[in-house]
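Here the structure is laid out as structure tokens; the discussion comes afterwards.
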Amino acid sequence: MFSKILIANRGEIACRIIQTAHRMGIRCVAVYSDADADARHVAMADEAFNIGPAPSSESYLKADKIIEIAKQSGAQAIHPGYGFLSENTQFAEACEANNLVFIGPPSSAIAAMGSKSAAKAIMEKAGVPLVPGYHGDDQSPDTLRKEAAKCGFPLLLKAVAGGGGKGMRVVERMEEFDDALAAAKRESKNAFGNPDMLIERYLTQPRHVEIQVFCDKSGKGVYLAERDCSVQRRHQKVLEEAPAPGLSDETRKAMGEAAVKAAQAINYVGAGTVEFLYDVDGSFFFMEMNTRLQVEHPVTEMVTGQDLVEWQLKVAWGDPLPLEQSQVKTRGHALEARIYAEDPDQDFLPATGNLRYLSTPDESAHVRVDTGVTEGDDISIHYDPMIAKLIVWDETRDQAINRMVQALEHYRIAGVKTNIRFLHALADAQPFREAELTTGFIEDHRELLFPKSKLDTHKALVLAAGFVLEQRKSREVISTDPWSPFGRQNSWRMNSEYAQPLQLQVGDEIHELKVLERDDRYQVFVGDSVYNLTARLDDDFLQAVINGHRISIHGNLHNDQLVLFYEGDTFQCTVYRETYGFEEMAGEGSLAAPMNGAIVAVQAKVGDKVTAGQSLVIMEAMKMEHAIKAPADGIVTEIFFVEGDQVSEGAELIAIEVTADAEEEAG
Ligand code: MV4
């Protein structure tokens, strides 16, 4: 086996490769751009070389530089991962020319799949099912028109040089054909420098089902089951799973054998994926072949129990395939969700920022996290915005979905917008549970995928108050003077009674809360409601009881930015410090003394029914009178001072129990 390899990639896939290589006793050389000096893949590798500035074109795509470093460092092979140089024929050739093993197929196999029409011709010859249509060289409009008529409508014009959904056009009727053809040719000429088209019958409700294949250097091939990747957004996969729900064993076998034939037809070596369109009637058609290890390979690993990177390394070294076809077994069901730095509420605009808080679900036989980042890392504009892949496994699809929903709730990120809430809604959506998988899934179920917040605003605000106050308390400096009253934090606190304003901004709206603290319990006034709150914060974990409703949530408060995580959802707000003047404070209806002073009038008595805004106590301080007003409708339950008393700032003056109406509204 190799003793040292170079990984020409970054992020999660570089980490993934290093992990297996290390398990096999192989040393790893990493490469990194200026932006990645502190990246996880660099830290994991045995040695690492800087290859240039942040942009990929100046670093991870610098084939010559990478080959030079591989030679210098004594690496025997290069693993390209996915993306970057992984399907670059010149790079594969350059490796071969420099006596470095390219951990991937021969460059000729990559080239064979580069053109859609050439790929279709090869597949046709190998007996792999194709969507009926035309993929010939004759591109005259007359020929194409005749072929279109033969194919029938609706049909799909696809750019020969296209891929990943670019350069496609649906044509519904013959009358539209000429215009559509001219437009599609223009587009493809501009995008790919090649105007050639192929024609296919358009399948309206297809699924994307792909087969994982492997071939060794002796020409033997096996398939490792299939993946359903139908849930996509603009040709970006979002959720993938294995096996494909509802696929019969016969179809699986036929598809698998077709995929192996496809690979063998181009003398394939290593890991490859043959993508099929799978139609509602159970028929399937070759779509394209990806000549690399794919992002979603972990779901195959979870159901087969095989390590595909290990297979790649063995095959590249020249070993035979680890298993015969008859030895490949699958068990249970696996799902993968791609966690992206993006904003679903802004049409999935890529997001950037610092991962100031990152907490991942515990890994186990059921939960796997493939990631290239750690807390504190930046998500930059330079690379793919994928933060992690969350992979789950269980005996049945339904149990696997439950695992996924739960694991997403335990994936908490603050500092960068993510699609976690969207993924949570997706995995939990009834049509997904019922495996209504088509490539239109996300478009067809938009209303389910952008759900209303599960936490009502008042409760969220009260939890936010609990988090803020408990965190402030835990961070208060404890005096080293054993006689200082501030040193004996707890006992001193126990007897204190003070109210404070707390402003929380949610979106454009500022909520002005009042918090009264006594005996480690809080009363939080929000609008016309009051909530009884007890809260206990343990690092990022808040256990709260609000009017008898116990809620445990995680959160992160950093520089006045608070994020609370609740059942896959987040609640975000900005916390303002106390900025009130005394006048305002009294006027705003606080029940606490705004400052040291004297009680000059008590205008209510115990048992009184009072309404919000009603003046209850008049205080004098610095020769000015201040009205203390009721913050909510309620009944006066206790009055702590009488006329003439001196009170200190923050002392609670009157206790009010909010009336049933207000309580109901609050609950
Ligand atoms: C199709 C098709 C329907 N009929 N071909 C999109 C990506 C490209 N590689 C092939 N694609 C499609 N080809 C025929 N004859 C529908 C799609 C398609 C699609 C395929 C797989 C996953 C998601 C998709 C989303 C839109 C369209």
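Just so you know, all these numbers are worked out from the coordinates, no wet-lab data involved. This one's a predicted model, so the numbers in the text were calculated from it and none came from an experiment. Counting neighbours? That spans all protein chains shown, and the Cβs are built from the backbone with ideal geometry, glycine included.
Some notes on this structure:
- Remark: the chain is approximated by an ellipsoid whose semi-axes, taken from the C-alpha gyration tensor as √(5λ), come to 62, 29, 22 Å, largest first.
- Stretchable slack from E324 to S283, in nm (0.36 nm times residue separation minus alpha-carbon distance): 12.1 nm
- Cβ-based exposure ranking for I51, I211, in which fewest neighbours within 10 Å come first: I51, I211
- Measuring r between the beta carbons of F192 and S552 and using R0 = 60 Å, the FRET efficiency lands at 0.65.
- Formal net charge of residues neighbouring P431 (Cβ-Cβ distance under 13 Å; K, R +1; D, E -1): -4
- Global form of region 133-201, assessed from the alpha-carbon gyration tensor, a/c cut-off 1.5: prolate
- The alpha carbon convex hull volume per residue for region 592-658 rounds to 66 Å³.
- For region 249-266, Karplus couplings with θ = phi - 60° (6.51, -1.76, 1.60), whole Hz, Gly/Pro x: 4, 5, 5, 4, 5, 5, 5, x, 5, 5, 5, 5, 4, 4, 5, 5, 5, 10
- Near the amide H of V617, within less than 5 Å, lie the amide hydrogens of Q603, I628, all on another chain or at least 5 residues away, with H placed in the peptide plane.
- Extent along the principal axes, Cα only, for region 286-376: 47, 34, 28 Å, with the longest axis given first.
- Bridge type composition, the chain - antiparallel percent by DSSP, nearest 5: 90 percent
- Descending by average beta-carbon neighbour count within 10 Å, the peptides 276-282, 344-350, 388-394 line up as 388-394, 276-282, 344-350, the highest first.
- Cα gyration tensor shape of region 332-451, rounded if a/c is under 1.5, else prolate or oblate by comparing a/b with b/c: oblate
- Helix 174-192 axis versus longest C-alpha principal axis of the chain: approximately 80°, rounded to the nearest ten.
- Mean separation of Cα contacts under 8 Å (6+ apart) over length of the chain, as relative contact order %: 8 percent
- Summarising the amide proton neighbourhood of E342: residues at separation of 5 or more, or on other chains, whose placed amide H is nearer than 5 Å comprise A351, T418, N419.
- The distance linking region 427-447 with region 102-142 is 32 Å (Cα centroid to Cα centroid, whole angstrom).
- Normalised by residue count, region 4-103 yields a Cα convex hull volume of 79 Å³ per residue.
- Helix content alone sets the calculated 222 nm mean residue ellipticity of the chain: runs of n ≥ 4 DSSP H residues at -39500 (n - 2.57) each, divided across all residues, give -8500 deg cm²/dmol.
- Between region 148-190 and region 356-379, the alpha-carbon center distance in angstrom: 43 Å
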